[in-house]
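Here the structure comes first, spelled out in structure tokens, and everything after it is commentary.
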Amino acid sequence: QVQLVESGGGLVQPGGSLRLSCAASGLPFSRYIMGWFRQAPGKEREFVAAINWAATTYYADSVKGRFTISGDNAKNTLSLQMNSLNVEDTGVFYCALRRSPFSRSPSDYPYWGQGTQVTVSS
């Protein structure tokens, strides 16, 4: 049974940093894509960043240069280092998993964590 558990959200001021983590267990396939998505209030869930089993990374244009996704295969953990946060980054951040190949569409990901809230506010 696949389990994805996010942690690390919180309240941060504009310009600040946060690090999100996702602990994964029960991965059903080896060639995977693990991604981060966010959902702002009243908006659709959107792609943020992803990494595949070979450590190839993918980013939304809005976070390039500010966010860094990384994975630890030995520990089955996924991280998202978020720097230079702004109020538009506020939302619930979700960890998600699918079989390769990469996709930016949330509907292509069958496995999801429960989400962690990130609030950027002064």
Seminar exercise, completed: Counting only protein heavy atoms with a 1.4 Å probe and every protein chain in place, the carbon and sulfur fraction of the accessible surface of the chain in whole percent equals 47
For this session: Could you tally the net charge around Gly9, taking each other residue with its Cβ under 12 Å from the Cβ of Gly9, Lys/Arg +1 and Asp/Glu -1?
Result: 0
Exercise. Under the classification rounded if a/c is under 1.5, otherwise prolate if a/b is larger than b/c and oblate if not, where does the chain fall, given a ≥ b ≥ c as square roots of the Cα gyration tensor eigenvalues?
Worked result: prolate
Problem set entry | Radius 11 Å from Cβ of Ile33, net charge of other residues (Lys, Arg +1; Asp, Glu -1) | +3
Exercise. In square angstrom, what is the accessible area per residue of region 1-65 with a 1.4 angstrom probe?
Worked result: 53
Exercise. Over the heavy atoms of Ser105, what accessible area does a 1.4 Å probe trace out, to the nearest 10 Å²?
Worked result: 40
Problem set entry | trypsin sites (Lys or Arg not before Pro) restricted to region 13-110 and DSSP loop, no more than 15 other C-beta within 10 Å | Arg31, Lys43, Lys64, Arg66, Lys75, Arg104
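The values are calculated or read from the model by the stated rules, or taken from the named source; none is laboratory data. Since the model is a prediction, treat every value here as computed from it, not as a measurement. Because the Cβ atoms are built from the backbone with ideal geometry, glycine has one as well, and the counts that use them run over all protein chains shown. Each accessible area value is taken on the protein alone, full model and side chains, heavy atoms only, with ligands, DNA and RNA left out. Shrake-Rupley method; radii C 1.70, N 1.55, O 1.52, S 1.80 Å.
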